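J.: Shown below is the structure under consideration.
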Amino acid sequence: TWNAGAKGTGGVNGLAVAGITLFSAIGTQIWKSSDSCKTWNTMEIAQANGKPVVALAAGAENGSQIVFAVVDDEGVLRSNDLGETWIKVLGKDSMTSDGTRVVSELSDIVMPGNQVNAAYVNSVNQVFKTENGGTTWVSVFRMDSNSNPGKSSLPFNVEKSWVQTEVKWGYDIS
């Protein structure tokens, strides 16, 4: 049986679970339930500057719980206290710890199951990874916008091993 859960304006942009807490991104707010969706609390995120939350990821491990939110035109925010407080950990035009500039909007984020330290976030042509809960980020995938003239509009200069082993997006790389 399905029942109505969090109600807000706009569509649901993301769902994430940390322990027993479910998070739902709706418009500029994140809704949270820790009682099997019987009740919901809404959280306003000051660092979002009134912009929509476009993606969520969460994880729990050994009593630690972390939530990441990707906010349109702002970047990645992290909460270590189930959404009570947030800090910005990566944004457009910021530099990663390996010296790569984030050149476009960030649009999605995922975390491996039952972990709080690892996460991947992507933009149009880049994927970034953290292994320490968002403290530092490195570029793990990049598609150069300079394509091979006259042959294809698909950008080249893709990091071959990462695409084939982790993403499996089906690129035919030669």
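J.: Within segment 146-160, can one find any residue that is of a type outside the set (Asp, Glu), touching a strand residue (DSSP E or B) at 6+ places or on another chain (Cβ under 6 Å) and modelled with pLDDT of 50 or more?
T.: No, that holds for no residue.
J.: Identify the residue in segment 42-95 that is open to solvent by less than 10 Å² (accessible area, probe 1.4 Å) and free of Cβ contacts under 8 Å to residues at least 40 places away in the same chain and, among all such residues, is farthest from GLN29 (Cα to Cα).
T.: GLY91
J.: Sort through GLN115, GLN126 and tell me the only one that's polar (S, T, N, Q) and buried (at least 19 other Cβ atoms within 10 Å of the Cβ).
T.: GLN126 is the lone residue from the list that is polar (S, T, N, Q) and buried (at least 19 other Cβ atoms within 10 Å of the Cβ).
J.: If you don't mind, another one. List every residue pair whose Cβ atoms lie under 8 Å apart, where the two residues are 6 or more positions apart in sequence or sit on different chains, the first residue falls within segment 108-126 and is under 17 Å from SER79 (Cα atoms), and the second residue, located anywhere, is outside any strand (DSSP E or B) and at pLDDT below 90.
T.: The qualifying pairs are ALA118/PRO112.
J.: Next up: Out of the residues in segment 19-28 that are without any contact (Cβ under 8 Å) to a residue 40 or more places away in the chain and under 15 Å from LEU82 (Cβ atoms), which is farthest from the chain's Cα centre (by Cα)?
T.: Per the stated criteria, the residue is ILE20.
J.: Residues of segment 9-38 being open to solvent by 50 Å² or more (accessible area, probe 1.4 Å), under 25 Å from PRO112 (Cβ atoms) and among the polar types (S, T, N, Q), which ones?
T.: Within segment 9-38, ASN13, SER34, SER36 qualify.
J.: For segment 96-112, enumerate the residues that are hydrophobic (A, V, I, L, M, F, W, C) and open to solvent by 50 Å² or more (accessible area, probe 1.4 Å).
T.: VAL103, VAL110
J.: Report, by residue number, each residue of segment 69-122 that is modelled with pLDDT under 85 and either among the basic types (Lys, Arg) or assigned to a strand (DSSP E or B) (or both).
T.: Once the filter is applied, which keeps residues that are modelled with pLDDT under 85 and either among the basic types (Lys, Arg) or assigned to a strand (DSSP E or B) (or both), segment 69-122 yields LYS92, ARG101.
The values are calculated or read from the model by the stated rules, or taken from the named source; none is laboratory data. Just so you know, these numbers come straight off a predicted model, no measurement behind them. Backbone-built Cβ (ideal geometry, glycine too); neighbour counts: all protein chains shown. All accessible areas refer to the heavy atoms of the entire protein, side chains included, with ligands and DNA or RNA removed. Shrake-Rupley method; radii C 1.70, N 1.55, O 1.52, S 1.80 Å.
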